[in-house]
Amino acid sequence: MTANKLKLIACFSMLIDHLTYCFIAQPPSEKVALDTQDIIWYLGRGLGRSAFIIFSFLLVEGFFYTKKLKNYVLRLLILAIVAEAAMDFMCGQLTLDQFYLYQNSVFLFVFALILMYLLLYLEKLYSDKKPAWRYLLSAVACTLFSLAVHFLNIDYGILGMCLILIFFYLRKAGWRLVVAVIIWSVVGLFCNAMLEWAGLIALIPIMKYNGEKGKGWKWGFYIFYPLHMFILGLVKILIL
């Protein structure tokens, strides 16, 4: 399973998620009995959770493979700004106030890239001396960045940053990585992220990842992410 195949799987699951969000009504929280529409909603939104898990995994892989981190950060920052307008349009809230009120998860990826760079810098700086200082400063950095994405109302917030850090620290840990992600999803249940457990299906293709980039799809995600949300928003206006 190459990185590009993982991106295709993530984009497909994201499309299912957003189609469900746009055209299937969310079940009332107090409702106990499920009808067909409710089941479709839970399946669609649940399967869509795979996208964030896969893209978080690929973000960490990209961080370790890229030779131009500044360019990587800049590309994601531009994508985040463009996608924010597309997401607000899809949600029917394309106003200046909404643009700043709630931010898409690509902003989280930008913060995560900078944090991972700082963590590696601290590791090199204290590689031969004072490891306690490295642990302390790394913990402080993780805390500050996590609080930043929380107070900026970035999608997935602290929970999302924790997942990225799991992939960062347990990148080559095999089954321990799987266990950590499962624990992360369980914690999400107590953080009102009730659908994250369904995204664990993403671990199947992730564990088959062969470390290769694969052919094609170089700019596919950068185009697909804002474009599909803009199209869905346009369709909503035309048919609803």
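For beta carbons closer than 8 Å, sequence separation of 6+ or different chains, a first residue in the stretch 134-160 that is of a type in the set (Asp, Glu) and a second that is surrounded by 18 or more Cβ atoms within 10 Å (Cβ to Cβ) and assigned to a helix (DSSP H, G or I), the qualifying pairs are Asp155/Ser105; Asp155/Phe107; Asp155/Leu108.
Can you pull out the residues in the stretch 4-20 that are farther than 18 Å from Leu227 by Cα and buried (at least 20 other Cβ atoms within 10 Å of the Cβ)? Reasoning before the result, please.
Applying the first criterion (farther than 18 Å from Leu227 by Cα) to the stretch 4-20 yields 4-6.
Listed by number, the list holds a single entry, Leu6.
When Phe63, Phe57 are checked against the criterion of being of a type in the set (Phe, Trp, Tyr), closer than 21 Å to Glu196 by Cα, crowded, with 21+ Cβ neighbours inside 10 Å and in contact (Cβ under 8 Å) with a residue 24 or more places away in the chain, a single residue qualifies: Phe57.
Being surrounded by 20 or more Cβ atoms within 10 Å (Cβ to Cβ) and of a type in the set (Lys, Arg) is a description that does not apply to Arg75.
Scanning the stretch 161-184 for residues that are buried (at least 18 other Cβ atoms within 10 Å of the Cβ), touching a residue at least 60 places away in the same chain (Cβ under 8 Å) and more than 16 Å from Ser50 (Cα to Cα) returns a single hit, Phe168. The one condition from (1) closer than 23 Å to Met229 by Cβ; (2) of a type outside the set (Ser, Thr, Tyr); (3) modelled with pLDDT of 85 or more that Met1 does not meet is (1). Can you confirm whether the stretch 196-213 contains a residue that is of a type in the set (Gly, Ala, Ser), surrounded by 12 or more Cβ atoms within 10 Å (Cβ to Cβ), in a loop (DSSP other than H, G, I, E, B) and at negative phi? So far as the stretch 196-213 goes, no, none of its residues is of a type in the set (Gly, Ala, Ser), surrounded by 12 or more Cβ atoms within 10 Å (Cβ to Cβ), in a loop (DSSP other than H, G, I, E, B) and at negative phi. What about Gly92, is it at positive phi and either surrounded by 15 or more Cβ atoms within 10 Å (Cβ to Cβ) or at pLDDT below 95 (or both)? Yes. If you go through the stretch 78-88 and pick out every residue that is in contact with a helix residue (DSSP H, G or I) (Cβ under 7 Å, 6 or more places away or on another chain) and either free of Cβ contacts under 8 Å to residues at least 60 places away in the same chain or crowded, with 20+ Cβ neighbours inside 10 Å (or both), you end up with 7. Summed over the stretch 189-240, residues that are modelled with pLDDT of 85 or more, within 17 Å of the chain's Cα centre (by Cα) and either within 19 Å of Tyr42 (Cα to Cα) or polar (S, T, N, Q) (or both) total 3. Considering (1) surrounded by 14 or more Cβ atoms within 10 Å (Cβ to Cβ); (2) modelled with pLDDT under 95, the lone condition that Ser127 does not fulfil carries the number (1).
The values are calculated or read from the model by the stated rules, or taken from the named source; none is laboratory data. Model, not experiment: these values are computed from the prediction. Reconstructed Cβ throughout: ideal geometry from the backbone, glycine too, with neighbour counts over all protein chains shown.
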